[in-house]
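Peer 1: This is the structure I want to talk about, given as structure tokens.
The values are calculated or read from the model by the stated rules, or taken from the named source; none is laboratory data. Predicted model only: the values in this text are computed from it and were never measured. Every residue, glycine among them, receives a Cβ derived from its backbone with ideal geometry; neighbour counts consider all protein chains shown. Just the protein is used for accessible areas: all its heavy atoms, side chains included, with ligands, DNA and RNA removed. Shrake-Rupley method; radii C 1.70, N 1.55, O 1.52, S 1.80 Å.
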Amino acid sequence: MSPLHTALLQSSGRPGDVAHNLRVLADAARTAAATGARLLACPELFLTGYAIGGDVHRLAEPADGDSARAVGRIAAEHGIAVLYGYPERDPEAAGTVYNAAQLVGPDGTALANYRKTHLFGCFEREWFTPGERAVVQAELDGIRIGLLICYDVEFPENVRAHALAGTDLLLVPTAQMHPFQIVPEQVIPVRAFENQMYVAYVNRVGAEGEFEFVGLSCLAGPDGVVRTRAGRSEQLVQAAVDPAFLKEARENNPYLHDRRPELYTDLV
């Protein structure tokens, strides 16, 4: 299999303005596809903004809503898969909104939808309902892709569950804020190494409401080495996910093989 060239859009867009953020996404998709990327990942709640308070419910849409169709058209036009964060309204449960991320294939069809399972802080707990499905995956160009959102990746059990389910590339849209830059700087490379996978962590940046997002989006490999990292401004960065290197790394690192699950029962 060929490497999967992956672009990370580090941007906060314009909070509260879905139309504007779709234009930013379209521009990024055009640029990324022109440089050979097959996948574009955007931050947590990219379509609407993060610190939007009650507008979460006003701007929430079902997984197959107007914005999903718009992203599908963008993906199909440029032949690039797109992962984007958005508030998902549950059409079967009035008032229920999830902090969600959806992966759309390069033909514009939805491949996977994930609802954040570990909500962070009073803000998220006030406006969102936690998801209940830990491992959500899809296939793209022979690569098994898994989805988590922000705080989820800080729980090692979540990432290990993905490793055991065969995830090759874990996509993590995030809204990581000051003073928690330790996560993109140190936690993400360690998660990739200890679980023998690629991890793409794509953040918001700059001030938004009471939050200051730290940027530092990155893609780390199974050797714990960061392949690309953004700074503290809006950027589009890119790196390759190499299945051949992943296979070699898994053969050389015995972490998953040497596990003794019978000793870990106290974890649950």
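Peer 1: Being over 21 Å from Gly121 (Cα atoms) and either touching a strand residue (DSSP E or B) at 6+ places or on another chain (Cβ under 9 Å) or of a type in the set (Ser, Thr, Tyr) (or both) is true for just one of Ala60, Ala28, Ala34, Ala51. Which residue is that?
Peer 2: Unique residue meeting the criteria: Ala28.
Peer 1: Among residues belonging to region 157-175 that are polar (S, T, N, Q) and open to solvent by less than 10 Å² (accessible area, probe 1.4 Å), point out the one that is nearest to Glu44 (Cα to Cα).
Peer 2: So the residue we want is Thr174.
Peer 1: Of all residues in region 191-207, which are open to solvent by 10 Å² or more (accessible area, probe 1.4 Å) and either within 26 Å of Leu25 (Cβ to Cβ) or within 17 Å of the chain's Cα centre (by Cα) (or both)?
Peer 2: Across region 191-207, the qualifying residues are Arg191, Val205, Gly206, Ala207.
Peer 1: Still on this structure, I have one more. Give the residues of region 89-111 that are in contact with an Asp or Glu (Cβ under 9 Å, 6 or more places away or on another chain) and closer than 15 Å to Leu147 by Cα, sorted by residue number.
Peer 2: Of everything in region 89-111, those that are in contact with an Asp or Glu (Cβ under 9 Å, 6 or more places away or on another chain) and closer than 15 Å to Leu147 by Cα turn out to be Tyr98, Asn99, Ala100, Ala101, Gln102, Ala110, Leu111.
Peer 1: For region 1-106, which strands (runs of 3 or more DSSP E) that fit wholly inside it have 1 or more residues that are polar (S, T, N, Q)?
Peer 2: 4-10, 97-104
Peer 1: What is the residue count in region 126-168 for residues that are assigned to a helix (DSSP H, G or I) and within 14 Å of the chain's Cα centre (by Cα)?
Peer 2: Going through region 126-168 one residue at a time, the tally reaches 8.
For (1) among the β-branched types (Val, Ile, Thr); (2) part of a strand (DSSP E or B), each residue gets a yes or a no:
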{"site": "Ile188", "(1), (2)": "yes, no"}
{"site": "Glu194", "(1), (2)": "no, no"}
{"site": "Gly206", "(1), (2)": "no, yes"}
{"site": "Ser233", "(1), (2)": "no, no"}
{"site": "Leu236", "(1), (2)": "no, yes"}
{"site": "Leu246", "(1), (2)": "no, no"}
{"site": "Glu251", "(1), (2)": "no, no"}
{"site": "Leu256", "(1), (2)": "no, no"}
{"site": "Asp266", "(1), (2)": "no, no"}
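Peer 1: Also, quick follow-up: Could you check how many residues of region 109-125 are at pLDDT 95 or above, open to solvent by 60 Å² or more (accessible area, probe 1.4 Å) and assigned to a helix (DSSP H, G or I)?
Peer 2: Selection size over region 109-125: 1.
Peer 1: Would you mind finding the one in Pro91, Pro106, Pro43 that is open to solvent by 10 Å² or more (accessible area, probe 1.4 Å), at pLDDT 95 or above and not polar (S, T, N, Q)?
Peer 2: The unique qualifying residue is Pro106.
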